[in-house]
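Everything on this sheet refers to the single structure shown next.
The values are calculated or read from the model by the stated rules, or taken from the named source; none is laboratory data. Everything numeric here is computed off the predicted structure, so don't read it as measured data. Every residue, glycine among them, receives a Cβ derived from its backbone with ideal geometry; neighbour counts consider all protein chains shown. When the accessible area is computed, the model is the full protein with side chains, heavy atoms only, and any ligands, DNA or RNA have been set aside. Shrake-Rupley method; radii C 1.70, N 1.55, O 1.52, S 1.80 Å.
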Amino acid sequence: MPRIAFLACPATLPGSPTRRPDAFEHDLLFDAIAAGLAGRAELVGTDWRAPLDELARFDLAYLGTPWDYTEAKDEFLERLAALEGAGVVVCNPVEVIRWNSDKLYLRELEQRGAVSIPTLWPECAGAAEVQAAFDHFGCDRVVVKRRVGAGAIGQDSFSRDNPPPAGWRIDQPAMIQPFLGAIQSEGEHSFIFVDGRFSHGLIKQATGGDYRIQSLYGGVEVAVEPAAPDRAAAEAVMAMLPFASPPLYARIDMVRLADGRLAVIEAEVIEPYLYPEQGPEFGGRMADAMLERLAKRD
């Protein structure tokens, strides 16, 4: 029976003393895929930093919840490359992860024709860059994000009336975007794809006056059947991914612009949470796609 590694980290693995409060997402995702694989393959949760000889014994490595990779991107990429070199099927492949690990990929998608959010790309962002962004975008509020980051960690939002405090700075490559009110009024649309095919959709909504929609900040999710134009917008982004074959999994996150179109926020193909509770068929679809990849290897 094939053995599949569900790569995780101490912040998400069950029983860890440093487990994050949103690590229940690890459990939901793991259980859904394990149920889909039942009787056909064994799924094992393991730290992506486990000894290479232990990880190399697996047939396939799925990037489940290695949520600390953003603090060790180069080490993470090297580990995935080593696993591929040892003959393990890594999903998604390291070439996909490398492309997606810096949010500068969004600029490439825009050049390919994706409906996008206007963005500035400072190598580091301080108060002066934020003030300049207000004028550049002609807006009163902006969001500042790390280019290598996940889960809104390290993210800030400022307005003309509430600018950055003295000395504030992100000392790493950043991105600045105008704040879009639809994040709070409608929410963020997520479209889940398995092996390039649409699986299910949902809307993530912030609570308590926050704008961040992640569960870590109290966000909630509602399953939806996307309207045809919205689904087509997400499928168009999928078609723009610069790979010869579709990734095993992808989550396209989008937000509504003032003209009614959906713009891409992220094309998540590293370790996105894939919301199995909003897609009852997801676990079986993922399991089938994993086993198909193993069959092609053999």
Reported set for the stretch 266-291 where residues are open to solvent by less than 20 Å² (accessible area, probe 1.4 Å) and either hydroxyl-bearing (S, T, Y) or part of a strand (DSSP E or B) (or both) is A267, Y273, Y275
Can you tell me which condition E123 does not meet? The list is (1) modelled with pLDDT under 95; (2) not in a loop (DSSP other than H, G, I, E, B), and all the others hold.
(2)
Assess whether A258 counts as being at pLDDT below 95, under 26 Å from E186 (Cβ atoms) and of a type outside the set (V, I, T).
yes
What number of residues within the stretch 246-280 satisfy the criterion of being charged (D, E, K, R) and either under 20 Å from R147 (Cβ atoms) or touching a strand residue (DSSP E or B) at 6+ places or on another chain (Cβ under 7 Å) (or both)?
6
Examine the stretch 199-216 for a residue that is part of a strand (DSSP E or B), modelled with pLDDT of 85 or more and open to solvent by 60 Å² or more (accessible area, probe 1.4 Å), and state whether such a residue exists.
no
I need the full set of residues from the stretch 253-265 which are of a type in the set (A, V, I, L, M, F, W, C) and in a loop (DSSP other than H, G, I, E, B), in order please.
L257, A258
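Per-residue answers, yes or no, for (1) open to solvent by 40 Å² or more (accessible area, probe 1.4 Å); (2) in a strand (DSSP E or B); (3) closer than 21 Å to A233 by Cα:
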| position | (1), (2), (3) |
| --- | --- |
| Q131 | yes, no, no |
| V142 | no, yes, no |
| P163 | yes, no, no |
| I183 | no, no, yes |
Consider L28 carefully, then state whether it is in contact (Cβ under 8 Å) with a residue 60 or more places away in the chain and within 23 Å of the chain's Cα centre (by Cα).
yes
Near pairs, Cβ below 7 angstrom, 6+ apart or cross-chain, from the stretch 276-298 (more than 14 Å from G36 (Cβ to Cβ)) to any residue that is exposed (fewer than 14 other Cβ atoms within 10 Å of the Cβ) and modelled with pLDDT under 95:
Q278/A223
Search result, residues across the stretch 80-101 that are in contact (Cβ under 8 Å) with a residue 60 or more places away in the chain, open to solvent by less than 50 Å² (accessible area, probe 1.4 Å) and part of a helix (DSSP H, G or I)
V96, I97, W99, N100
Starting from the stretch 111-128, take each residue that is farther than 18 Å from A258 by Cα and open to solvent by less than 40 Å² (accessible area, probe 1.4 Å) and list its partners that are acidic (D, E) and not in a loop (DSSP other than H, G, I, E, B), counting only C-beta distances under 6 angstrom and pairs at least six apart or across chains.
P122/E129
Within the stretch 20-67, how many residues turn out to be of a type outside the set (A, V, I, L, M, F, W, C), at pLDDT below 95 and exposed (fewer than 14 other Cβ atoms within 10 Å of the Cβ)?
1
Just the residues that are modelled with pLDDT of 95 or more and open to solvent by 40 Å² or more (accessible area, probe 1.4 Å), please, taken from the stretch 68-79.
E75, E78, R79
Residues of the stretch 1-19 being of a type outside the set (G, A, S) and either touching a helix residue (DSSP H, G or I) at 6+ places or on another chain (Cβ under 7 Å) or outside any strand (DSSP E or B) (or both), which ones?
M1, P2, I4, F6, C9, P10, T12, L13, P14, P17, T18, R19
